[in-house]
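Worksheet for the structure shown next.
The values are calculated or read from the model by the stated rules, or taken from the named source; none is laboratory data. Note that this is a predicted model, so its numbers are computed, not measured. Heads up, the Cβs are rebuilt from the backbone with ideal geometry, glycines too, and the neighbour counts pull from every protein chain shown.
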Amino acid sequence: MISEKMKALVAGSSVIRAMFEEGKKMAEIYGADKVYDFSLGNPNVAAPKEVNEAMKQILDTTDPIVVHGYMSNSGFEEVREAIAKSLNQRFDTAFTQENIVMTVGAAGGLNVILKSILNPGDEVLTFAPFFGEYRNYVSNYDGTLIVVSPNLETFQPNLSELEDKITEKTKALIINSPNNPTGVVYSEETIQKLAAILEKKQQEYGTEIYLISDEPYRELVYDGAEVPYLTKYYRNTVVGYSYSKSLSLPGERIGYLVIPNEAADFEALCGAANVATRILGFVNAPSLQQLAVAKCLDCQTDVSYYNRNRETLYEGLKQYGYECVKPEGAFYLFVKSPTEDEKVFVEACKKRQILVVPGSSFACPGYVRIAYCVAYETILGALPGFEEVAKELF
Ligand code: PLP
């Protein structure tokens, strides 16, 4: 018999994953090229060839006891040092390996940091729309997720509501820029204002509020958009990074946390993250992947591929009358549903073998998310279906 808590979680289990499974079934019926699956953020760009080459080279030249063995729960020291140096070069920071904890992707990193900081009943804030798993991750450690309502005009963070919602129980704020599901990027000015609010509230309540910056899409930006490095703006920042999207390695499960020296309780926090990595059952991030990404710190995915998809899809949808903020980053479009209940829109798309995710999965009903990290042909193939749906529903 499964636990009561799990029963509820299974019942409310990810709509996105369910769609992904449905897409696979549809492909068997209609043929894969007649199914337009925009449900999952699974990159269709292959990992840079340097990644495979690095893995082969490591396997051929490094002692297998090292490659396949346990290491510090926080990761190989030399890998962490290489990542710290690379960050310092890119962002003018001063990290060392002490500031880096290797994680099992962004999901692993978020769980490690939340386990490290949360007491039951602690509040964690986030801005809607947000990656739906945050709710589960916070509830894993008996925290309460407090949602700041969306700014539907711009999808930039609603800072006045943030200020109102911070209490003495607020332990953290999770932000995600470039954003899933909207693709918006938070400007430097926004980050400065946000940091000022957190500072003010920390003083008012005599508390420490961690800013958890969930950054799997940092490098996926268009039209020269800049993503500020948040440790430079707010002392209590913890960065969660992942190679899932930036190097197209989502199945390999590799990322890291950055915990800066200035963060409150720095040493205890690093120690807690190290132990949390172990006792959550990760033990450590995958050894071969750690060694491989350390050799590929200057590699980049093909952003132009996503950019072509973005332009074609955005322009096409706009032409049919859909409304959407043009994304500056990540690989998602968050489109206003032509019907108030977006599930009607989702079903109309499904009839044309187009799979999109309802905005309610991101705490923002009335919208749908289209993940455009797909083949260009998928976009071209789906556009006539989107046009038909527009004619039917507008
Ligand atoms: N955070 C956000 C905003 C995401 O979109 C995702 C995955 O789509 C994750 C975290 C989890 O990423 P990972 O595969 O690195 O665990």
Original post:
Does SER116 fit the bill of being over 16 Å from the mean Cα position of the chain (by Cα), crowded, with 18+ Cβ neighbours inside 10 Å and not aromatic (Phe, Trp, Tyr)?
Top reply: yes
**OP:** Give me the pairs, please: first residue somewhere in the range 74-98 and more than 14 Å from ILE259 (Cα to Cα), second residue anywhere and of a type in the set (Lys, Arg), beta-carbon distance under 8 Å, and either six or more positions apart or on two chains.
**Re:** PHE91/LYS232; ASP92/LYS232
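With GLY251, GLY240 as the choices, which residue is near the ligand (Cβ under 9 Å from one of its atoms) and either closer than 17 Å to LYS171 by Cβ or in contact with a Cys (Cβ under 7 Å, 6 or more places away or on another chain) (or both)?
Values: GLY251 fails: either closer than 17 Å to LYS171 by Cβ or in contact with a Cys (Cβ under 7 Å, 6 or more places away or on another chain) (or both).
Step by step, each of GLY251, GLY240 is checked, and only GLY240 is near the ligand (Cβ under 9 Å from one of its atoms) and either closer than 17 Å to LYS171 by Cβ or in contact with a Cys (Cβ under 7 Å, 6 or more places away or on another chain) (or both).
Name the one entry in THR190, THR154, THR182, THR167 that is in contact with a strand residue (DSSP E or B) (Cβ under 7 Å, 6 or more places away or on another chain) and more than 16 Å from the ligand (Cβ to nearest atom).
Working: THR190 fails: in contact with a strand residue (DSSP E or B) (Cβ under 7 Å, 6 or more places away or on another chain); THR154 fails: in contact with a strand residue (DSSP E or B) (Cβ under 7 Å, 6 or more places away or on another chain); THR182 fails: more than 16 Å from the ligand (Cβ to nearest atom).
After applying the criteria, what remains is THR167.
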Subject >> Restricting the range 154-181 to residues that are small (Gly, Ala, Ser) and crowded, with 18+ Cβ neighbours inside 10 Å, the residue that is farthest from TYR314 (Cα to Cα) >> reply: ALA172
**OP:** Mind telling me which of the residues VAL184, VAL148 ends up being without any contact (Cβ under 8 Å) to a residue 24 or more places away in the chain and crowded, with 22+ Cβ neighbours inside 10 Å?
**Re:** VAL148
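Among GLY366, GLY359, which is surrounded by 23 or more Cβ atoms within 10 Å (Cβ to Cβ), more than 22 Å from LYS34 (Cα to Cα) and not assigned by TED's automatic domain parsing to the domain that holds ASN180?
Numbers: GLY366 fails: surrounded by 23 or more Cβ atoms within 10 Å (Cβ to Cβ).
From the options GLY366, GLY359, the qualifying one is GLY359.
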Subject >> Pairs, first assigned by TED's automatic domain parsing to the domain that holds GLY132 in the range 12-32, second in a helix (DSSP H, G or I) and among the hydrophobic types (A, V, I, L, M, F, W, C), C-beta under 9 Å, six or more apart >> reply: none
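Is it fair to say TYR305 is in a helix (DSSP H, G or I) and under 18 Å from ALA382 (Cβ atoms)?
In short, yes.
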Original post:
Only one residue in VAL79, VAL104 is of a type outside the set (Ser, Thr, Tyr) and within 16 Å of the ligand (Cβ to nearest atom), so which one is that?
Top reply: VAL104
